[in-house]
Amino acid sequence: MTVLGLQPSGSRVSGSITFRGQDLLDLGAKHMNALRGKELAMVFQDPSSSFHPMLTIGQQMTDHVRHHLGLSRRAAQRRAVELLERVRVDSPQLAMKRYPHQFSGGQLQRVAIAGAIACEPAILVADEPTTALDVTVQAGILALLRELCDSLGLTIILITHDFGVMSSLADNITVLREGKVVEHGARYQVIRHPNHPYTKELIESLPQQETPASGASVEPGGHDVG
C-alpha cells in the first residue's frame, strides 16, 4: 500500500522507496496520482472490492485508460476489449456490458488484472491475488501473472504467505518477519540454502510435493516476482 501511496491517513513511514531515481515518499499527491495506475499498478486480494458495484466493467476500464492515456471513448473501448481478450475473459464484448457481481471470482480477478495492466505499468503489486479463489482457479491466475511478467517485461511484486506459490513462480524471494526483511535472494538459493531460521521453518512446514525438485533452477531474466 505504501508503494502506491495508499497507506492509511496519519501513518508514519520511515526509509525510502526508490523508483526511477526518485523517492516515492517525497512525492506530493498530484505526482503520485499521475504514477498510480499508469507506472505503478495493483491487483487486490479480493477482486470484488476492486470495482464499483453500480458501474459496468466497460465503464470502469475505459475511464481508467482515458484518464491516463488520453484516449477517445472509442479507442478506450477497443483497448479494454483487447485487454480482456489477453487475460482470457470469456466473451469480452459482452463482458464490457456486465456488472462485477455477474462474474465468477476467477473471471473477475482476470478483469482486475486487465485493468491493472491497461497502461502498461512498470510495476504491478499483486496482494495475495488468489486467496479468495479455489485451487484450480488459483493455478490459472498464477500462470497468467507469470505469462504477463515474461511477455510484457513487467516486474511483479507478488505478496503471499504461501511458500509453495513462491517456489513455483518467483525469480527472486524476499522473506519478511514482523515487517522486516530477514532474507532475500534468487529462488533456488533461498529455497535450497536458506540462511535465516524463520525461512527454514517456513520451508520445513511445506508438504513435500510443494517444494521444487532438487534440479530446479531460476528462470532467466531480471524481473522479480515476489
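Hydrophobic (A, V, I, L, M, F, W, C), surrounded by fewer than 18 Cβ atoms within 10 Å (Cβ to Cβ) and not assigned by TED's automatic domain parsing to the domain that holds I17 - does that describe any residue in region 169-178? Working first, answer last.
In the first step, residues of region 169-178 are kept if they are hydrophobic (A, V, I, L, M, F, W, C); the result is 169-170, 173, 175-176.
Applying the additional criterion that residues be surrounded by fewer than 18 Cβ atoms within 10 Å (Cβ to Cβ) yields 176.
Subset that is not assigned by TED's automatic domain parsing to the domain that holds I17: 176.
Within region 169-178 (the criterion being hydrophobic (A, V, I, L, M, F, W, C), surrounded by fewer than 18 Cβ atoms within 10 Å (Cβ to Cβ) and not assigned by TED's automatic domain parsing to the domain that holds I17), the answer is yes, since at least one residue qualifies.
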Next on the checklist: What pairs come out if I take residues in region 196-212 that are β-branched (V, I, T) and pair them with residues that are at pLDDT 90 or above and part of a helix (DSSP H, G or I) whose C-beta lies under 8 Å away, six or more apart or interchain?
Outcome noted: T199/V190
Checklist entry - Does region 44-60 contain any residue that is without any contact (Cβ under 8 Å) to a residue 40 or more places away in the chain, β-branched (V, I, T) and surrounded by 15 or more Cβ atoms within 10 Å (Cβ to Cβ)? => result no
Next on the checklist: Considering only residues that are polar (S, T, N, Q), farther than 28 Å from I157 by Cβ and surrounded by 16 or more Cβ atoms within 10 Å (Cβ to Cβ), which ones fall in region 65-117?
Outcome noted: Q77
Checklist entry - List pairs: first in region 120-146 and on the phi > 0 side of the Ramachandran plot, second not in a loop (DSSP other than H, G, I, E, B) and not β-branched (V, I, T), Cβ under 9 Å, 6+ apart or cross-chain? => result E120/L152; E128/L158
Checklist entry - Could you list, in sequence order, the residues of region 47-64 that are among the β-branched types (V, I, T) and in contact with a helix residue (DSSP H, G or I) (Cβ under 7 Å, 6 or more places away or on another chain)? => result I57, T62
Checklist entry - Which ones in region 144-165 are among the small types (G, A, S) and under 15 Å from I117 (Cβ atoms)? => result S151, G153
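The values are calculated or read from the model by the stated rules, or taken from the named source; none is laboratory data. These figures come from a predicted structure and were not determined experimentally. So basically every Cβ, Gly included, is an ideal-geometry build from the backbone, and we count neighbours across all protein chains shown.
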